[in-house]
Amino acid sequence: MIPYSTLEEAHQRIHGVAIETPLTRFRDNLLLKDESKQPIGAFKLRGAYNMVAQLTADQLQHGVITFSSGNHAQGVAYAARALGAKAVIVMPSNSPQVKIDATRALGAEVVFVGPASLERKLKAEALAREHGYTIIPPYDDERIIAGQATCGLEILKQLGWNEQSRSEDALILSPVSGGGLLSGVSTGIKQMCAARQWQAPPVWGVEPELAADAAESFRTRTLVEWPAEKTTRTLADGLRTQSLGQKNFEHILRFTDGIVTVSEAELRLALGRILRETSIVAEPSGAVTLAAALFHGSQLPTARRIVAIVSGGNIDPQLRAEILAEPATPTTV
């Protein structure tokens, strides 16, 4: 397991690049951790920069490559540009245009493959062998996990967590797909509390029921993979990964307290409420946590405060208009 000292080092390393994002009050006891405020509009900058910043000068000179549906692509492109390295991004052909355009605007070269997450991984590995690029994986690496863990450290600080805090004082909800954010946040929160001999709040993952491989893996304690034709059904394009990463799964089993799934109708309603009722411009993947808080309270631990991480805000403008045109209170969810 990643030690707390490594997480502290990551926090110091990304300081001045990734920002400490705000907690926005949605209602009295429900707070939204707004990662859309990051320079790339998503949490992925934390892990990407933490890893790229640890590469050697020779590795930076040869360039970096990753495989991503969008937000990690921008994180790697941003980090590479900041550190003077070439970035190549392998993206699925069905990536939102807004994420493709943003990645290119950061100076990265984009290579397209089919919609399956395995396709883009294999293509990236082939190009890395051919050109000597260093692969910056989207989630299955301890340096990526440590970077994402800084989000959890911030949450504890913002909640004023200390030796007098009790586990029932808060509940942290994180989206989960490949597992980078959930494994990082849960590891950061639990390791920081253990290092300081504090009680830790529970951390739960949330994912769409149409792409619920992580929930099945957590429930069965066995890493499972769902086919792309199943995971790509969800509106949450950032949560279509077919399986948790191995390292992520190990940390999730150790530090995460549970995973709950939400329906597409619940996701759309939660997304609409964020867009209508707050100043946050969330993308679908970032709204799953609010959906869990609104519709699955009976499945979650009772807590005085809930922090729902809004993982990103890179929403397609057409989809945003479509969501805002839908009824605010549908008859069924």
Check your understanding: In the Gaussian network model of the chain, springs joining C-alpha atoms below 10 Å, which of Thr134, Thr231, Thr241 carries the largest mean-square fluctuation?
Key -> Thr134
Revision key, fill the gap. The residues Asp257, Asp28, sorted from fewest to most surrounding Cβ atoms within 10 Å, come out as Asp28, Asp257
Review point. What are the ³J(HN,Hα) values, in whole Hz, obtained from phi via the Karplus relation 6.51 cos²θ - 1.76 cosθ + 1.60 with θ = phi - 60°, for each residue of the stretch 70-83 in sequence order, with x given for Gly and Pro?
Key: x, 6, 5, 4, 5, x, 5, 4, 5, 5, 5, 4, 5, 9
Point to revise | ³J(HN,Hα), Karplus 6.51/-1.76/1.60, whole Hz, each residue of the stretch 16-30, x for Gly, Pro | key: x, 10, 7, 9, 7, 7, x, 9, 9, 6, 8, 8, 3, 10, 10
Check your understanding: So what's the back-of-envelope 222 nm ellipticity for the chain, counting only DSSP H runs of four-plus at -39500 (n - 2.57) apiece and dividing by all residues, rounded to 500?
Key -> -14000 deg cm²/dmol
Review point. Residue by residue, what Karplus-based ³J(HN,Hα) values in Hz, rounded to whole numbers, does the stretch 224-234 have, using 6.51, -1.76 and 1.60 with θ = phi - 60° and x for Gly and Pro?
Key: 10, 10, 9, x, 4, 5, 8, 5, 6, 6, 6
Check your understanding: What are the aspartates and glutamates whose alpha-carbon lies under 14 Å from the alpha-carbon of Lys99, with same-chain residues fewer than 8 places away excluded?
Key -> Glu109, Asp237, Glu283, Asp316
Revision key, fill the gap. Out of Gln74, Gln318, Gln191, a Gaussian network model of the chain with alpha-carbon springs under 10 Å gives the largest mean-square fluctuation to Gln318
Check your understanding: Out of Gly47, Gly75, Gly160, any idea which swings most in a Gaussian network model of the chain, alpha carbons joined below 10 Å?
Key -> Gly160
Check your understanding: How would you rank Tyr133, Tyr139, going from fewest to most other Cβ atoms within 10 Å of each one's own Cβ?
Key -> Tyr133, Tyr139
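Taking the number of other C-beta atoms within 10 Å as the exposure measure, put Met51, Met192, Met91 in order starting with the fewest. Provide the component values of the computation, followed by the final result.
Details: Met51 27, Met192 21, Met91 24.
Final ranking by Cβ density, sparse to dense: Met192, Met91, Met51.
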Revision key, fill the gap. The chain: longest segment with zero exposed trypsin sites (Lys or Arg not before Pro), where exposed means DSSP loop plus at most 14 other C-beta atoms within 10 Å, is residues 1-165
Review point. Which of the GluC sites (Glu not before Pro) found in the stretch 139-245 are loop residues per DSSP with 12 or fewer other Cβ atoms within 10 Å of their Cβ?
Key: Glu163
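Bear in mind that the values in this text are calculations on the coordinates, not laboratory data. What you see is a predicted model; the values in this text were computed from it and never measured. Note that we place each Cβ from the backbone using ideal geometry, even for glycine, and neighbour counts take in every protein chain shown.
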